[in-house]
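One structure below.
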Amino acid sequence: MVVPGQGLPASVRIHEVGARDGLQNEKAVVPTEVKAEFIHRLAGAGLTTVEATSFVHPKWVPQLADAEQLFPLVRDVEGVALPVLVPNERGLDRALALGADRIAVFASATESFAKANLNRTVDESLQMFAPVVARAKERRVHVRGYLSMCFGDPWEGAVPVHQVVRVAKSLMDLGCDELSLGDTIGVATPAHVQALLAALNEEGVPTSAIGVHFHDTYGQALANTFAALQHGVTTVDASAGGLGGCPYAKSATGNLATEDLVWMLQGLGIDTGVDLGRLTATSVWLAERLGRPSPSRTVRALSPDSHQE
């Protein structure tokens, strides 16, 4: 039953990260053809933003070493934005050479994770991203800034709101068009989410430029998403079938499952443009190829005969 909530957005854009953030954490390397088919199926389910791959050095993320082979297989999918992650200027060069028109850079709100993920301090990483963002904007390429560890860090514990705001504002000042707030280890709770969003607004970062990226480690991802919706956020990151985690933070479990998100949004009367049946079928299809069931509760509920028990 659809029961609209008061004061919530009429529509939400889902930023699908399963093909990149989801598959990069798989122990086995998924064949390029399967990745391409996955992206085509996600597009067929109505998702309009599908993060395709990452142009990082293969040594660091071997699961995505086939970026050059994959991107040409999907770049012409009609009506779908296909952002790619780039860590530095070399990654940007590789992405631009293949015609990418949307990129993302990946920063950290904490020094510990910046060191683990980028082998740099927070400020050094921002300096590394500056020419990447500048060159991308010169080419009229849309830039998303990911910010990890916005709520808690496995080495440093709770992360002060003002610390997150400083790095977030720095990313936006570089020229990012969009900011994704990452709860990398899944420790956020709803009031914490709203406090961070309010603090960002106070520093001039508009809600319209903010997306949220929650992990479901403690079962809080949907509650935190609802809190963000109440604040006016209309971009939510999610991963089909609940795939993914973070290879550099062992306590990070799966992303918010796209199917679980769509189920909630549909019940609230919020338009996503996503066909839940086709999306569920896509996650079942991929789970069969990965050789294990999907962790998404909605996938399990809607496909009881698909070996999801």
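The values are calculated or read from the model by the stated rules, or taken from the named source; none is laboratory data. Because the structure is a prediction, the values reported are computed rather than measured. Using ideal geometry, Cβ is built from the backbone for each residue, glycine included, and neighbour counts are taken over all protein chains shown. Accessible surface is based on the protein model in full, side chains and every heavy atom, while ligands, DNA and RNA are left aside. Shrake-Rupley method; radii C 1.70, N 1.55, O 1.52, S 1.80 Å.
Tabulated results
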{"item": "Long-range neighbours under 7 Å by Cβ, at least six apart or interchain, first residue closer than 12 Å to E37 by Cα within the range 280-298, second open to solvent by 40 Å² or more (accessible area, probe 1.4 Å)", "result": "T282/R41; W285/R41"}
{"item": "Criterion violated by G22 - all others in (1) touching a Leu at 6+ places or on another chain (Cβ under 6 Å); (2) at positive phi; (3) not aliphatic (A, V, I, L, M) satisfied", "result": "(2)"}
{"item": "Number of the condition not met by L181 [criteria: (1) surrounded by 20 or more Cβ atoms within 10 Å (Cβ to Cβ); (2) part of a helix (DSSP H, G or I)]", "result": "(2)"}
{"item": "Some residue of the range 41-56 being within 19 Å of A257 (Cβ to Cβ), of a type in the set (S, T, Y) and either under 16 Å from the mean Cα position of the chain (by Cα) or open to solvent by 20 Å² or more (accessible area, probe 1.4 Å) (or both)", "result": "yes"}
{"item": "Of all residues in the range 213-230 being out of contact with any Phe, Trp or Tyr (no Cβ under 9 Å at 6 or more places or on another chain) and under 15 Å from S11 (Cα atoms), the one that is most open to solvent (accessible area, probe 1.4 Å)", "result": "Q230"}
{"item": "Residues of the range 4-19 that turn out to be out of contact with any helix residue (DSSP H, G or I) (no Cβ under 7 Å at 6 or more places or on another chain) and either basic (K, R) or in contact (Cβ under 8 Å) with a residue 40 or more places away in the chain (or both), as a count", "result": "7"}
{"item": "Boolean, A28 is in contact (Cβ under 8 Å) with a residue 12 or more places away in the chain, surrounded by fewer than 15 Cβ atoms within 10 Å (Cβ to Cβ) and farther than 30 Å from G267 by Cα", "result": "yes"}
{"item": "In the range 132-153, the residues that are touching a residue at least 60 places away in the same chain (Cβ under 8 Å) and more than 20 Å from the chain's Cα centre (by Cα)", "result": "none"}
{"item": "Selection within the range 242-287 - open to solvent by 40 Å² or more (accessible area, probe 1.4 Å), modelled with pLDDT under 95 and not hydroxyl-bearing (S, T, Y)", "result": "P247, K250"}
{"item": "Residue pairs meeting the criteria (Cβ under 8 Å; at least 6 apart or on separate chains; first over 20 Å from V29 (Cα atoms) and open to solvent by 10 Å² or more (accessible area, probe 1.4 Å), in the range 67-92; second assigned to a loop (DSSP other than H, G, I, E, B) and hydroxyl-bearing (S, T, Y))", "result": "G79/T48; V80/T48; A81/T48"}
